[in-house]
Every structure is written in structure tokens, then in C-alpha cells.
Amino acid sequence: MMRRFFAPLLAAGLLAGAAAHAEDTLSPLKFQSEGAFGSIDLAAAQRGFAVYQGVCASCHGMGALHYRDLQALGFTAEQVAGIAASVKLADGSAATPDSHFKEPAPVNMGGATPPDLSSIVAQRPGGTRYIYNFLTGFGPAPAGITLLPGHNYNAAFPGGQVSMPDVLRDNAVTYADGTKATKAQEAADVAEFLTWASDPNLSARHAVGLRAVIFFAFLTIVAVLTKRRIWRQEG
Amino acid sequence: MEAKQGWLASRVPGLGCVCGLMKEGRAPGVCWIAALPALLGALLAVLLASGAVITVYYNPWHAYASLQGITREVRGGWLVLSYHQVGASLAFALLYLHLFRILLVRGYRAPAEFAWMLWVKLLALLLLTGWLGFVLNGGEGGYSSLFNTSNAATTLSGFPGAVAMWFLGGQPGGSTLARLLVFHVLLALCAVWVILMARAAARKARPMLQGRVVPFWPVYAAQYFAALSALALLFALLLGFAPHWGQGTQNAIPAAAMAVPSISYPWYLTPLAGLAGVFPSVTGHIWAVVAAVALLYALPWLDRSKGAPPGRVYKLLTWLLALDVLALGLFTACPIGPMLPELLTFWFFFHFLVLTPLVTMMEAA
């Protein structure tokens, strides 16, 4: 409950520096991280972290990440220190930038355990879009579907019912960059953040790959021409 | 060059032999596809180098977490892991292509039958090494596969049981991955030795040169370099834009002591996994895999053609076999019909046990 209360304040503090409004990426839905030339949208991922910290983190851990890793999203060392300092670990002490993300107290959702989100985008077919579809896929069960006790209908989840409740709502967090925190915006932002968390090297990989492809494409052309020339002379 | 070669050859015979290859005479106009074994060797070198780096940071007692650490904490670790993953994928692709080409031109017959047997041994080694790599990831799919295999292995008795016990060490526990890591590395080193042997054997089995002869340097060196460069381009494409191509998402989930209903293998293991899955019980799976590889191994004896060139029917059947294996992999990964894997597996065995002896005998007559 404390976390719920502090989440908007925390998000406001985090994003005070970033003033740019997000452009509309919701209709049609697009993610900057998608495609061969995709890279992580740092502003969206920062907002997504605010959503994670304010909403998801009460049940889902991200054990593979440290708070210092957030610097890759464009947070300064001071901001990261501030984020870490605002997290109270289980033993009562405050987290440091070198701490792993806080593990939430174990929750039992009618036999289901909330999965760790460190690599969730790599672990689910459909990746980023699946996360978005899942978070926006809750709704009343259509006729003919009987929900198990303690389950909620979700159109994107395999089988259609899931123990997790619909947690995102409009203004669940307040974005410091002024972006309107609609439910869909929050879902898209947290999906981008989780994409970064699963593959922190996505942008670097695409940059390295593109340079290597250009280099070897030229090398292959030169090598084939050389081979033809030599074969004309000697072959 | 001449002097250097003599100097080297008189001191290190092996190295002198490598320099000698540069001057070796060859028939003119050989297709680039004959460079496949050399490319495969280059990929094995990439796999060994990247594997050496990964092994330093890998912790078999915390396999999944240590690979996460290599990806997230080790500088450039994600790139080295991708080299290993993409290298494995391409090595299998090239080996499958090479085996298919030998089948198509009947390159497995005497005097090249020894080289063929070595290529099949390389396939068996790479399949086993690839499976071990899949298991060593510490993911859900790999763990389930290991669990099933070691369970089946405990039911084997006699000599196979003793070998399985020595290899897997009984039920999977904390130290099983440490043991399998040793085998992963050892088998990879064996693969290097086998590929060198196979190349030497294939070179010996080449027909005597007649007519015009061209030197390896620079004629074939230029061809090999162009082929290597094209391979590097393909490597870079996969590395940058599809590093997990054909791997599935299942093994990205950390292993839990809970069996998964169906294991999704990396693409290069799926045809064999599909073939094995047709047979009842995991013991049956193991024997099916052994039988499939043994059939390839026995091909020089199943072929009754006595030196006749491959005819049209044989070539058609070989293409069908390639499609059969591809389809087996595809429909194992995304099952659509209940009887499809059974039919495709039946065709695989039918091709080698019945069609090959029959057609080759008819074509030789």
C-alpha cells in the first residue's frame, strides 16, 4: 500500500529531467525496439520503469538486474542513487545502486506464483507485443467461458484465464515528462522497459550487426570479383 | 615460399604439410560447394574460441544465472555468447548441406567410404555436443530433456547401461551439468580431430589428376576466401538481427524441477527429436537415434550400384529424403497432424533400408 501511495511521487522525481512528451505510438501500436533497426526507446523505457516500480514490483521481482543497470536507460548516477535509496529492502536497510532489484514478499495467487520479469520478453512467444496485449487483454469473460475460482479473463493469455488481476488503470502512475498515463500508454511503456531488461544489448547488437553486414557485404563483392578475375587469368 | 616450406617441413612435418597444401595441384573448375568442409572448420574454430571464453565464466551449479551474468555483467559477454549460438546453428547448417551433397553425388562409395564414415561420426559428435549445449543452458527445455534421458538411461542394463551411467552419472543433480560440461568440451575437441581426419581421407580419395592442373594458390585460395566472406556475411546477419533464430523461447525460462509437457529443441535437433519421438518410451527414443545415425554410417554397404553414376530416380529420391528430413523438423516444431511424424520417420527408414539398395541395384543393372 505504501508503494502504491509513493509511486506517483517516485515517478515524478525520476522523470523530472525529461520534459519531452511521448509521440503517439499507440494507434497504430508501434515499438521503437521492434524490427531489424530497432533500438530501445529510452524515454518510454524510463516511463516503463516507473510503471514497474509503482505497480508491478509489488508482486514481480527482476532478480537479474541491479539498480545501477538503470544508467543504461539514461538515468544519471545521482538519479539511480535516489531510486535505490527510496527502496526499503526486507531487512529494513535502504538499497544501494549495487543492490539487485528488490525481491517482493512471496505472493500466492491461488497456487500461481508471479514470474520474475528479468527476461520475460525473451521467455514468451510474441515478446514485446505479447506483454502489451496481455496487460491490455483483461475484460469480462465472453459467454461460454467459465472462469476458475480466483481467475480473471485475459484474451492474450494462453487458455484465456489467469490468476493475475487487471492491475493497470489510467493514472496508476504520474509521468514526470508530462505524458498522459493512460492504461494503454502504461502497458506500452512497461513492455518497452521489459524488452530492454530482457535484452539490454538490443541497440548495441543492431548497431554492431549493421556495421558488420555492410563490411562483409563489400568484402564479399570484392572477394567474388577478385576470384572471377583470377579464374579468368588462370582457370 | 619454397625455402620457407622446406625449412618448416624439415622441422615441423605437420606445418610443412599445411604450407604444401597451398601449392597442391587441383583439377580446374571445381564448384565452390567443395569448400564446405573448410568453412565448417572455420566455424569450429569460432565455436572453440567463443566456447573457451564462455567456459571461463560459466558455472554449472548455477547454469542459468551464470549465463545471465555473462549476458549482463561480462563486458562483451553477450556478443561472445551469440558467436557461440550462431556458430553452432551455421555449423549444423553447413554439415547437413555437406552430407546432402555427398548423398546426391554418391560420394560415399569406395574409395571415399572412409571419409564418409568420418563425416557421419562428425555428425554424431556435433549432435551430441549440440544437445549437451542445449542442456548446459540451464533452461526449462534442456533440463526436461536431460531429465528424460537420464531416467531412460537408468533403465538400460549391461554395457549400454554402464556407458550411460558413466556419461550421465545417474539422476540429474547438482554436479550433472559440471560433468556434461567436460563432455561438451571434450567432444568439441574430438570434432576438430575428426574433421581434420575426414578432410585428409577425402583428399586421398580424390581421383588421380588428369590433364590440366591448377595450383591451390591463388586459384582456389581466392574461391575459398570468397566463400568464407559470404559465410561471414550470413554470420553477421544472424548475429545482429536473429541471434535466437530457430531456438524457441522455452529454453529462456530457467529450469525448474518440473517436467514440461513438450520440449522445444533448437532447429538443428528437431528432425532427430521428431524421429525419436515416434517410438514409444524414452529408451525407444535413444535406440531410434542410434539406428538413424547407424543407417547413414552403413550407407556404403546399402548402396549396390558398384560404381555406376547416380541416375535420375536416385537423385529424385535423395531430394525427397532432404524434404522428408526438413518436414520432420518443421512438423515436430509446429505439429499439425497426428500421423505426420510417423509417416516421415517411416519414409526415412524406408529410404535407406529398402529404396536405396533397390534403386541402386536397378540403376547398376
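The values are calculated or read from the model by the stated rules, or taken from the named source; none is laboratory data. What you see is a predicted model; the values in this text were computed from it and never measured. Virtual Cβ from ideal backbone geometry, glycine too; neighbours counted across all protein chains shown. Just so you know, the surface numbers come from the protein's heavy atoms only, side chains and all, with ligands and any DNA or RNA stripped out. Shrake-Rupley method; radii C 1.70, N 1.55, O 1.52, S 1.80 Å.
Take the residues in the stretch B:64-93 that are away from every other protein chain (no Cβ under 14 Å) and of a type in the set (A, V, I, L, M, F, W, C); name whichever of them is surrounded by the fewest Cβ atoms within 10 Å (Cβ to Cβ).
Residue satisfying both the conditions and the ranking: B:Ala93.
Tell me yes or no: at least one residue of the stretch B:15-36 is within 14 Å of chain A (Cβ to nearest Cβ), buried (at least 18 other Cβ atoms within 10 Å of the Cβ) and on the phi < 0 side of the Ramachandran plot.
Looking through the stretch B:15-36, at least one residue is within 14 Å of chain A (Cβ to nearest Cβ), buried (at least 18 other Cβ atoms within 10 Å of the Cβ) and on the phi < 0 side of the Ramachandran plot.
Does any residue in the stretch A:45-72 that is without any contact (Cβ under 8 Å) to a residue 24 or more places away in the chain and closer than 23 Å to A:Asn201 by Cβ come within less than 7 Å, Cβ to Cβ, of a residue that is surrounded by fewer than 23 Cβ atoms within 10 Å (Cβ to Cβ) and hydrophobic (A, V, I, L, M, F, W, C) six or more places away or on a different chain, and which pairs are these?
Cβ pairs passing all conditions: A:Leu70/A:Val80; A:Leu70/A:Ile83; A:Gln71/A:Ala77; A:Gln71/A:Val80.
Just to be sure, is B:Met258 touching a helix residue (DSSP H, G or I) at 6+ places or on another chain (Cβ under 6 Å) and surrounded by fewer than 18 Cβ atoms within 10 Å (Cβ to Cβ)?
Taking the combined requirement at face value, the residue does not satisfy it.
Of all helices (runs of 4 or more DSSP H) completely enclosed by the stretch A:104-201, which ones contain at least 1 residues that are among the hydroxyl-bearing types (Ser, Thr, Tyr) and at pLDDT 95 or above?
Output list reads A:127-135, A:183-198.
Within the stretch B:249-265, can you find the residues that are in a loop (DSSP other than H, G, I, E, B) and either among the polar types (S, T, N, Q) or within 8 Å of another protein chain (Cβ to nearest Cβ) (or both)? Talk me through it step by step, then tell me what you get.
Residues of the stretch B:249-265 that are in a loop (DSSP other than H, G, I, E, B), as a first pass: B:249, B:253, B:255-265.
Once the filter is applied, which keeps residues that are in a loop (DSSP other than H, G, I, E, B) and either among the polar types (S, T, N, Q) or within 8 Å of another protein chain (Cβ to nearest Cβ) (or both), the stretch B:249-265 yields B:Thr249, B:Ile253, B:Ser262, B:Ser264.
Give B:Gly246, B:Gly274, B:Gly240, B:Gly307 a once-over and let me know the one that is open to solvent by 20 Å² or more (accessible area, probe 1.4 Å), of a type outside the set (Val, Ile, Thr) and either modelled with pLDDT under 85 or assigned to a helix (DSSP H, G or I) (or both). Outline the logic, then answer.
Values: B:Gly246 fails: either modelled with pLDDT under 85 or assigned to a helix (DSSP H, G or I) (or both); B:Gly274 fails: open to solvent by 20 Å² or more (accessible area, probe 1.4 Å); B:Gly240 fails: open to solvent by 20 Å² or more (accessible area, probe 1.4 Å).
None of the others qualify; the one that does is B:Gly307.
Conditions (1) farther than 27 Å from B:Thr249 by Cα; (2) buried (at least 17 other Cβ atoms within 10 Å of the Cβ), marked per residue:
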site: A:Val121; (1), (2): no, yes
site: A:Ile145; (1), (2): yes, no
site: A:Pro149; (1), (2): yes, no
site: A:Val162; (1), (2): no, yes
site: A:Thr179; (1), (2): yes, yes
site: A:Thr182; (1), (2): yes, no
site: A:Gly209; (1), (2): no, yes
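For the stretch B:161-213, how many residues meet the condition of being closer than 23 Å to B:Leu136 by Cβ, outside any loop (DSSP other than H, G, I, E, B) and not hydrophobic (A, V, I, L, M, F, W, C)?
3
Considering the stretch B:317-342 alone, what residues qualify as being assigned to a helix (DSSP H, G or I), surrounded by fewer than 16 Cβ atoms within 10 Å (Cβ to Cβ) and modelled with pLDDT under 95?
B:Glu342 - this is the single residue of the stretch B:317-342 that is assigned to a helix (DSSP H, G or I), surrounded by fewer than 16 Cβ atoms within 10 Å (Cβ to Cβ) and modelled with pLDDT under 95.
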